Amino acid sequence: VPVSMPRGTVFLSKPLFFTALQDTASLSRNHVIDVSKSGLVTIAGGKWTTYRSMAKDTIDRAVKVCELKPHSGSRTDGLLLHGAMDYSPTLFIRLSQDFGLDAEVSQHLCSSYGDRAPEVARLASLTGRRWPVVGRRLVNEFPYIEAEVLYAVREELAHRAVDVLSNRLRLAFLNVQAASEALPRVVQLMGDELKWSKRERQAQLEEGKVFLKSMGGQARDEIRKVPINFTVEEIKGYEKVFKQVDVDGDGHISKLDLRRVLSQIGEKVTEDELHDLIAEVDTNQNSSIEFEEFLELMSALKTGAIANSRLDIIIKGYHTVDVGRSGGGI
């Protein structure tokens with residue numbers, strides 16, 4: 001089957017070591033090295049987190065089998081990865097001063113790109129404000145900037161919007177709603193850079209929407225995995241909050257309840273947006289949010305299983321506006 005890839009792409013396959021009696025769940029994640037009668041050295045299994053050990057063991061076996069005479073022993077333990085050479089924990093300060101970047105953005109770039117962060121910063125466009133001078137964010141609440149999209153295309157051979165939002169920026173895994181908001185701009189930036197046709201831009205946009213919609217289901221799975229572990233007092237506090245949002249008092253937060261809450265804080269949303277809000281938390285998929293599901297969400301947020309939730313942000317905004325009547329916020 002022909003496979004189309006950009007020039008320079010490295011294609012990796014990770015075979016697992018197994019016997020005929022094993023299923024995929026029980027396959028060994030330790031690596032195994034095999035040498036055939038012809039001298040072919042093969043490594044199978046392993047994990048991404050042990051790649052240095054895997055590489056060392058494979059090369060050492062090849063040296064032995066092929067009777068090679070290396071000039072030195074393995075250097076992988078001290079070998080710095082791309083981006084680590086000139087990195088320092090205070091690099092973000094210089095980055096912010098030299099380019100006029102927001103401190104949060106500078107920290108993000110340095111932690112993500114290491115000493116390549118200045119290369120990304122050079123691609124940053126003017127914000128049109130006094131501060132920060134450069135670095136337009138894709139989404140206001142997160143430190144990802146437009147320049148990262150350009151860098152992904154020019155330096156990392158990215159050619160799909162889904163790839164940028166998931167594998168490069170990781171925003172799709174952090175917050176699906178934020179990734180959805182960023183998607184049109186990502187498509188526009190990549191389209192201009194890669195000279196996409198109108199048809200291709202639309203195709204990339206649709207692919208992104210489908211992908212992010214599937215990610216919503218993954219968010220529900222993450223919420224469901226976290227056990228509810230609150231004190232009695234904490235549960236009573238959450239119950240009070242839940243009842244204030246459950247306007248009609250039927251034990252469920254419905255679309256109508258959310259619309260009323262959003263109306264009180266001056267927010268207008270479409271029917272589809274209301275559906276998505278509930279779908280993020282609705283683990284039993286009955287088109288409403290029950291108290292147990294609400295507790296699961298709060299537990300997932302508390303433990304860090306998910307970074308944030310639109311529902312939580314809305315409720316906090318509601319309590320900020322309505323604090324005099326409700327007696328406080330979450």
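Some points to look at:
- Calculated FRET efficiency for the pair Thr76/Val35, C-beta based, R₀ 25 Å, to 0.05: 0.75
- Gain in span if fully extended, Arg122 to Glu273, counting 0.36 nm per residue against the direct Cα distance: 50.7 nm
- Potential extension, Ser197-Thr42 segment - 0.36 nm per residue separation minus Cα distance: 51.4 nm
- Two-site FRET efficiency, Asp250 against Lys69, from Cβ-Cβ distance with R₀ of 51 Å, rounded to 0.05: 0.05
- The residues of segment 107-162 expose on average 49 square angstrom of accessible surface per residue, using a 1.4 Å probe on protein heavy atoms.
- Accessible surface of segment 170-239, 1.4 Å probe, proportion on carbon and sulfur as whole %: 53
- Of all lysines in the structure, the ones whose alpha carbon falls short of 24 Å from that of Lys243, not counting any fewer than 8 places away in one chain, are Lys255, Lys268, Lys302, Lys316.
- In order through segment 140-145: 3J(HN,Hα) via Karplus (6.51 cos²θ - 1.76 cosθ + 1.60), integer Hz, x for Gly, Pro: 4, 7, 10, x, 6, 10
- Long-range amide H partners of Ile145 with built H, under 5 Å: Leu138
The values are calculated or read from the model by the stated rules, or taken from the named source; none is laboratory data. Keep in mind that this is a model prediction, so the values were computed, not measured. Methodologically, a virtual Cβ is constructed for each residue, glycine included, from the backbone with ideal geometry; neighbour enumeration extends over all protein chains shown. Surface accessibility is based on the protein's heavy atoms, side chains included, excluding ligands, DNA and RNA. Shrake-Rupley method; radii C 1.70, N 1.55, O 1.52, S 1.80 Å.
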